[in-house]
Amino acid sequence: MTNNSVGNAGRLLWAALRALLVLTVVTGVLYPLAVTGVAQLAFPGKANGSEIKDASGKVVGSELIGQTYNLPLKDGEETASPDLKWFQPRPSNGLGTNSVNTQYKIILSGATNRSGDNGAVTDKEGKAVCPEKPEEGTLCAQVTDAKAAVVKDNSTADFKVRPSDVPADAVTSSGSGLDPHISPEYAKLQVHRVAEKNGLDVKQVEKLVADHTDDRILGFIGEPRVNVLQLNLALKSLVAAKG
């Protein structure tokens with residue numbers, strides 16, 4: 001009786017071990033290899049991270065993840081200033097640098113989680129509006145400061161930006177904080193400043209933005225958008241061609 005029990009237990013354990021080995025090979029080796037192989041054949045670009053390369057063939061980022069264009073930190077600075085010769089992305093605290101491309105690194109991802117009326121007051125009509133001097137650390141303060149910076153940075157001798165001209169994506173981050181796109185309106189707002197900083201004609205830069213504006217997917221999904229990295233790579237080529 002004891003021998004039968006031991007034998008049955010042994011057979012069950014051996015069957016379980018064989019099932020484990022077979023499932024490990026199938027789900028842990030064969031299936032991932034098959035999926036990877038199909039992806040590499042059908043969608044090699046997307047399978048490898050939607051990489052974007054510069055004119056020399058060097059990978060400089062992904063079309064799915066934004067990056068910053070800042071000047072090197074100066075002594076005593078905690079926050080780098082934007083390099084205004086480049087088109088700027090949406091605000092984000094999650095973008096930085098790495099050793100492969102000094103303008104590409106994910107530090108963190110996420111939104112502020114502040115409500116849309118954070119720091120706002122109620123006006124006479126019962127609407128939530130940001131006060132002239134919002135409380136420090138609130139979303140209103142963040143947006144107010146960002147809007148003032150956009151107006152200042154993008155106003156040139158012959159082009160003045162008004163606060164009402166600043167689109168929402170110029171002063172707020174996306175839900176992930178890593179959005180690689182900006183609106184065509186924000187890209188156009190930066191044209192005069194980019195042209196001036198790079199010694200280019202405004203019409204040339206306007207055409208650059210138009211050429212890199214993607215329409216809605218299938219004509220009705222999402223909004224028109226501009227990939228900032230691709231736009232800046234085209235700008236770099238245009239500046240280089242100018243000599």
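The values are calculated or read from the model by the stated rules, or taken from the named source; none is laboratory data. Just so you know, these numbers come straight off a predicted model, no measurement behind them. With ideal geometry, Cβ positions are generated from the backbone for all residues, glycine too; neighbour counts draw on all protein chains shown.
For every residue, the table says whether it meets (1) among the β-branched types (Val, Ile, Thr); (2) exposed (fewer than 10 other Cβ atoms within 10 Å of the Cβ).
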site	(1), (2)
Val25	yes, no
Val29	yes, no
Val38	yes, no
Gly45	no, no
Leu71	no, no
Lys74	no, yes
Glu77	no, no
Within the stretch 217-228, identify whether any single residue is within 30 Å of Asn113 (Cβ to Cβ), assigned to a helix (DSSP H, G or I) and in the same structural domain as Lys85 (by TED's automatic domain parsing), and answer yes or no.
yes
The lone condition Gly49 fails out of (1) modelled with pLDDT of 85 or more; (2) within 18 Å of the chain's Cα centre (by Cα); (3) exposed (fewer than 11 other Cβ atoms within 10 Å of the Cβ) is (3)
Residue among Gly177, Gly219 that is out of contact with any His (no Cβ under 9 Å at 6 or more places or on another chain), at positive phi and without any contact (Cβ under 8 Å) to a residue 24 or more places away in the chain:
Gly219
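Determine, yes or no, whether Val25 is in a helix (DSSP H, G or I) and either of a type in the set (Gly, Ala, Ser) or out of contact with any Ser or Thr (no Cβ under 8 Å at 6 or more places or on another chain) (or both).
Yes, satisfied.
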I need the full set of residues from the stretch 151-169 which are at pLDDT 95 or above, hydrophobic (A, V, I, L, M, F, W, C) and assigned to a helix (DSSP H, G or I), in order please.
Val151
